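Working notes for the structure below.
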Amino acid sequence: MHSLSQRIYKAETCFQGDTPCRRRHGFCAFIFFPHPKAIHQPMTTAPAVVDNREDPVKPMVIDVIHGPNLNMLGRREPEIYGTTTLADIDRELMEYGTSQGADIESFQSNTEGEIVDRIQEAFGRVSGVIINPAAYTHTSVAIRDALAMLSCPVVEIHLSNIHKREPFRHHSYISGVADGVIAGFGARGYLMALQAILEMIRK
């Protein structure tokens, strides 16, 4: 057997068949054969380094945004909105999200500007947005425009069926930029929204 040092030579001149190689290169690699000649293989570039490590998986983050007065759920007009509290809704969403490999972030504000800020913070950071704009559904062009900037799926959710209520509640500025709307199923509608948005993300 010949050692590796016998197979790789530093040389000024090497052979291709029976003809000396006149190419000017500083390093030639040879594959050793018993024949005194060698096969010429100039090493012109360094071998590529292959990194077989997998890229880290980006976590799936769903932002759930609750609009004005939803912090009063469970006490506010239970005949319309039910007795489930906002904390109960968030807990159920987080438990289901964990079972599906998703991180659920919850935010509630009674202020339009804070909701706009939250949506802007979601830009390029989250996998999807579930939003109950509450009363801002019918008034806020600012929230509508902020949602329109997002490239991720957006689901609009309402506890009550807004189309069965007062006429001023029938129009939504949000629906035109949402991928889906769920209304009238009470607190259960939030879980339906989460299931729907996860399906959209995974397609």
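The values are calculated or read from the model by the stated rules, or taken from the named source; none is laboratory data. Just so we're clear, the structure is a prediction, and the values are computed from it rather than from any experiment. No Cβ is skipped: glycine too gets one built from the backbone with ideal geometry, and neighbour counts run over all protein chains shown. With ligands, DNA and RNA removed, areas are computed over all heavy atoms of the protein, side chains included. Shrake-Rupley method; radii C 1.70, N 1.55, O 1.52, S 1.80 Å.
If you count only protein heavy atoms and use a 1.4 Å probe, how large is the accessible surface of Leu150, to the nearest 10 Å²?
20
Which of the GluC sites (Glu not before Pro) across segment 51-151 are loop residues per DSSP, with 13 or fewer other Cβ within 10 Å?
In loop regions of segment 51-151 (DSSP not H, G, I, E or B), the sparsely surrounded GluC sites (Glu not before Pro) are Glu54.
Loop-only check: which chymotrypsin sites (Phe, Trp or Tyr not before Pro) in segment 112-203 are DSSP coil with at most 15 other Cβ within 10 angstrom?
Phe123
How large is the accessible surface of Asp103 in square angstrom, using a 1.4 angstrom probe and rounding to the nearest 10?
Surface open to solvent at Asp103 totals about 80 Å².
Report the gain in length on full extension from Asp88 to Glu199: 0.36 nm times residue separation, minus Cα-Cα distance, nm rounded to one decimal.
Fully extending the segment from Asp88 to Glu199 adds 37.6 nm.
Ordering Tyr96, Tyr81 by accessible area with a probe of 1.4 Å, largest first, what comes out?
Largest accessible area first, the residues go Tyr96, Tyr81.
At most 15 other Cβ atoms within 10 Å and a DSSP loop assignment: could you name the trypsin sites (Lys or Arg not before Pro) in segment 77-152 that fit?
Of the trypsin sites (Lys or Arg not before Pro), the ones in loops of segment 77-152 whose Cβ has at most 15 other Cβ atoms within 10 Å are Arg125.
Using amide H atoms built in the peptide plane, which far-off residues or other-chain residues are under 5 Å from Ala183 H to H?
Residues meeting the amide H criterion: His158.
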